[in-house]
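Enquirer: Below: one structure in structure tokens.
Derivation of every value follows stated rules applied to the coordinates shown; laboratory data play no part. From a predicted model like this one, the values you see are computed outputs, not experimental measurements. FYI the Cβ positions are ideal-geometry reconstructions off the backbone, even for glycines, and counts take in every protein chain you see.
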Amino acid sequence: MSQTKFAPWVDPDEKPLIRFQNVTKRFGAFTAIENLTLDIYEREFFALLGPSGCGKTTLMRMLAGFEAASEGVITLNGQDLAPIPPNKREVNMMFQSYALFPHLSVYDNIAFGLKRSTMPRGEIDARVQQMLKMVKLEKFARRKPHQISGGQRQRVALARSLAKAPKLLLLDEPLGALDKKLREETQFELMDIQEKTGTTFVIVTHDQEEAMTVASRVAVMDEGRIIQVDTPDRIYETPNSVYVADFIGDVNLIEGTAGAATEGRIPMSWAEGQPDIVCASEAEVAAGTRVHFAIRPEKVRISKDKPEDLRNAVPGRVHDIGYLGNISTYHVELANGMFIKAQVANSHRIGRRSFTWDDQVWLGWTDTAGMVLDR
């Protein structure tokens, strides 16, 4: 999603479309959501991301009206949702299973909700045709769900969900049934449709790449709490905790002790006989604090000779190589037995690889390449 102009969350005058205020949800003695506060804005493509059991689906079900909050208030456009039944909310939900009617055609599946609404009969056909065109299924209007592919069924379910022009569309793992290549293609189709309709989308997923691709903002959840809410680039580049750094993408985490900061740089002692790691920090960290240094593998440079132009450099031995086509990941063992991963883009044919197993190498990185995390 283009974020050059779209960032309502930084505008103090902008009113959120959805507001969770101190929301708690209990199932007996189990607390699924704990004192959660969150704002989601109109036209956002918002992702709830986290492992199974973190509470993301419970949040979505409360928005849809299938669950009620034990404490707190959930509002949509300033209106308390608690007394409004699911079928009266300006909210639609799209399930992973798609839940299409097998005996109805693609056209009739999309028209189903419209026929039960207050829309005049004469306008229904025009709306269905508009939806068919939007999801590029005009030629398949008369087919039944079993006569089209999984990706096409996903688009029928999306068209049906958007046909009544809801203020909010909830997507529960909507692409989970698709293979990897089709899932990636459909992610971009979803983004395109969301921008065209201007509908607010909230997607629940455990797929980090999916959340990072489609979302304007991502909420990373764990055990009923939101750990960090931010744009995908900031979630990746400036995680606020070890949990977020480790959950999003690949990362090297090195534990150590922070020294006294000078000029915005913090030295971290981490292994006997190794020089301190020097790194930038957005937060103030007191000397003597146990911290983690987090650095992404693509920000670690691997070379035969010690890099004189980098603030941080450690020697090691190539223990393993993971080849992924576009990149290679080198697992380098240091003298103390610790492993650090470095990623290199495969800009040359595989026969021209610079390093192989058991090579002695140097790993280096700048003092702004990683982050110190104190929680």
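Enquirer: About the Cα centre of the chain, how large is the charge dipole given +1 on each Lys and Arg Cβ and -1 on each Asp and Glu Cβ? Please answer in debye to the nearest 20. Let's see the in-between values first.
Expert: Details: 46 positive and 49 negative charges, 426 e Å.
Value, rounded to 20: 2040 debye.
Enquirer: With +1 on each Lys and Arg Cβ and -1 on each Asp and Glu Cβ, and nothing else charged, work out how big the dipole of region 246-375 is about its Cα centre, in Debye to the nearest 20. Could the numbers behind the result be given before it?
Expert: On the way: 14 positive and 18 negative charges, 99 e Å.
Roughly 480 debye, rounded to the nearest 20.
Enquirer: Given the chain, what percent of its DSSP beta bridges are antiparallel, to the nearest 5? Intermediate values should be presented prior to the final figure.
Expert: On the way: 58 of 76 bridges.
Of all bridge pairs located within the chain, approximately 75 percent are antiparallel.
Enquirer: List the relative contact order of the chain as a percent without decimals, with contacts defined as Cα pairs under 8 Å and 6+ residues apart.
Expert: Details: 750 pairs, mean separation 55.9, N = 375.
Contact order relative to length: 15 percent.
Enquirer: Then there is this: So what's the angle, to the nearest 10 degrees on a 0 to 90 scale, between helix 150-162 and the longest Cα principal axis of the chain?
Expert: Rounded to the nearest ten degrees, it is 60.
Enquirer: Per DSSP H run of n ≥ 4, the term is -39500 (n - 2.57); total these for the chain, divide by its residue number, and report the mean residue ellipticity at 222 nm rounded to 500 deg cm²/dmol. Before the final figure, lay out the partial values.
Expert: Working: 8 runs with 83 residues, N = 375.
Theoretical 222 nm ellipticity from helices: -6500 deg cm²/dmol.
Enquirer: What ranking of 14, 308, 42 emerges when the number of other C-beta atoms within 10 Å of each C-beta is taken as an exposure proxy, fewest first? Before the final figure, lay out each step's value.
Expert: Working: 14 13, 308 7, 42 16.
Arranged by neighbour count, lowest to highest, 14, 308, 42 become 308, 14, 42.
Enquirer: Order of 66, 201, 293, 112 from fewest to most other C-beta atoms within 10 Å? Don't skip to the answer; put the middle values down first.
Expert: On the way: 66 12, 201 26, 293 22, 112 16.
Final ranking by Cβ density, sparse to dense: 66, 112, 293, 201.
Enquirer: For region 171-203 and region 313-375, compute the distance between their C-alpha centroids and round to whole Å.
Expert: 34
Enquirer: OK, next. Pairs of alpha-carbon atoms within less than 8 angstrom and 6+ residues apart define the contacts here; what relative contact order does region 328-375 have, in percent? Don't skip to the answer; put the middle values down first.
Expert: On the way: 23 pairs, mean separation 11.7, N = 48.
Normalised by residue count, the contact order of region 328-375 is 24 percent.
Enquirer: Scaled to the compact-protein estimate 2.2 N^0.38 Å, what is the alpha-carbon radius of gyration of region 254-375, rounded to two decimal places? It would help to have the intermediate numbers written out before the result.
Expert: On the way: Rg = 15.1 Å, N = 122, 2.2 N^0.38 = 13.7 Å.
Here the Cα radius of gyration is 1.11 times the empirical estimate.
Enquirer: For 104, 178, 17, what ranking results if the residue with the fewest other Cβ atoms within 10 Å of its Cβ goes first?
Expert: Numbers: 104 14, 178 18, 17 21.
Taking fewest neighbouring Cβ atoms as first place, the list is 104, 178, 17.
Enquirer: Right, next: Given 136/181; 56/167; 5/341; 5/196; 15/115, which pairs have Cα atoms separated by over 25 Å?
Expert: Values: 136/181 18 Å; 56/167 20 Å; 5/341 36 Å; 5/196 16 Å; 15/115 33 Å.
In this structure, 5/341; 15/115 exceed 25 Å between Cα atoms.
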